[in-house]
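First comes the structure, then the notes that go with it.
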Amino acid sequence: MVSLARLRRPFTTVRGRSAVLSAAVVAVALIGGALILLGVFSRSLQTNLDQTLQLQARDRAQLIGSGTEPASLTTLLREESLVWIGSPDGVAVSVGTEIVPIDNPVPTNLNGVSTVSFVGEEQHDGEGEIEDFTMRIAAATTADGSLVVLVGAEQDELGAVLGRLTGLFQAAVPLVVLLVAALAWITTGRALRPVEAIRQQTAEITGSNLSGRVPVPEGRDEIHDLAVTMNQMLERVEAHELSLRQFTADASHELKSPLANLRALVDTADVSDSGWEALKPRLVDESERLRNLIDNLLFLASHSEAASNRKVGTVHLDDLLFDEAQIIAATKSISVNISEVGPAAVQGASSDLQRLVRNLADNATRHASSAVTLKAATKTSSVVLEVADDGPGIAEEDSEKVFERFTRLDEARARNDGGAGLGLAIVKQIVDDHNGTISIRQTPGGGATVAVEFPTTAS
């Protein structure tokens with residue numbers, strides 16, 4: 001037995017709803033149009049009949065006035081017609097059939113008679129058949145006095161014509177509605193065929209296989225745009241998934257090094273040994289390296305959520321540079337030039353901008369030979385921050401690559417310096433979050449200069 005849900009299913013689809021809606025709209029339009037047409041046709045028939053009867057009555061009246069015998073003018077046009085000629089007081093002079101008015105004298109109002117009931121000549125059980133006639137009257141003047149000419153036709157004749165037309169509509173409307181529903185079903189099915197192909201292909205795409213793409217139909221319509229958009233989305237998802245895999249692999253690789261060093265140091269450590277004092281700074285350095293790496297990884301992994309929830313306020317970059325200069329002077333054996341640090345305030349997240357300044361300073365001190373220069377200045381509509389070193393510099397072809405995660409131009413040196421290739425990637429992310437720009441250029445005399453520019457309305 002077929003379930004009710006299964007019977008309903010075709011009508012819950014886009015195809016079924018389109019067919020039903022199209023059929024309903026056409027049905028309402030056809031029924032409304034048929035009613036209007038029947039009304040207009042009925043009025044037109046009535047008007048034509050009235051005009052014809054009025055013309056026939058006037059013609060007979062004119063002929064009577066010119067001397068024609070009334071008896072020769074009562075010939076019926078058809079069985080359903082009526083011609084009555086008589087005096088104004090209701091006395092018949094000549095009639096076309098044996099009919100008499102019902103409980104009412106023959107109307108003689110020349111200003112207009114619409115419908116009058118008469119008893120016809122056919123008898124049923126001794127009673128005449130009552131018929132409604134549409135009548136028109138005309139007056140004739142003779143030598144013997146005035147006569148009244150009535151010409152009429154059965155009202156049922158109009159009903160018969162309208163009935164046949166109504167029957168035609170009753171037969172045609174359902175057929176047209178069914179035809180429209182069938183056409184809507186077929187055309188909608190053809191139009192949605194590419195969507196079904198897209199659905200089937202999408203169902204086959206899994207998290208472990210994101211290389212699949214949905215078919216793109218040839219037509220330049222909405223379904224074509226949908227397929228193109230879905231393929232673009234799949235490309236972004238695949239790229240993100242590949243980036244995530246690469247990030248995970250790189251992070252795992254980077255974590256192995258400090259963990260391995262710590263384990264080796266701990267395995268060889270002996271607190272009772274005289275070498276313990278020399279070993280403790282190395283343990284601290286490796287622990288700090290591991291902490292920084294984990295901190296950076298957590299920042300990159302959660303920067304999107306953190307960026308949406310960060311507190312924005314006025315941040316003085318010059319103060320951050322002065323603080324960082326003191327840290328460098330106290331912990332590094334290089335000189336720090338802060339002579340060109342001027343007032344520089346932006347709207348942004350204080351913790352993020354502090355991390356940006358620290359990462360830039362760490363990157364510069366890691367590669368500097370003897371000096372680091374910090375600069376900050378406010379322009380007309382922006383704030384510019386620069387950190388320069390006198391190290392080996394960065395080749396122009398690598399100026400964009402260094403902002404990618406886990407990028408190290410000098411693998412051995414970076415690993416010895418404790419760098420994981422995340423510092424500048426984090427700086428780039430913070431700059432993007434604050435609608436700024438970042439670039440690297442050669443420092444005059446040697447080295448690299450990282451320049452960051454924020455709009456004064458950065459947030």
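Of note:
- With 21 Å as the limit on Cα-Cα distance, the pairs of LYS311/LYS428; LYS332/LYS375; LYS401/LYS428; LYS311/LYS401 that go past it are LYS311/LYS401.
- Under 5 Å from the amide H of GLY342 lie the amide H atoms of ALA376, ALA377, each residue being 5 or more positions distant or on a separate chain, with H modelled from the backbone and absent for Pro and chain starts.
- Stokes-Einstein diffusion for segment 349-408 at 4 °C, viscosity 1.567 mPa s, with a Kirkwood radius from C-alpha pairs, works out to 99 µm²/s.
We did not get these values from a lab; they are worked out from the coordinates using the rules stated. All figures in this text were calculated on a predicted structure; none of them were measured in a lab.
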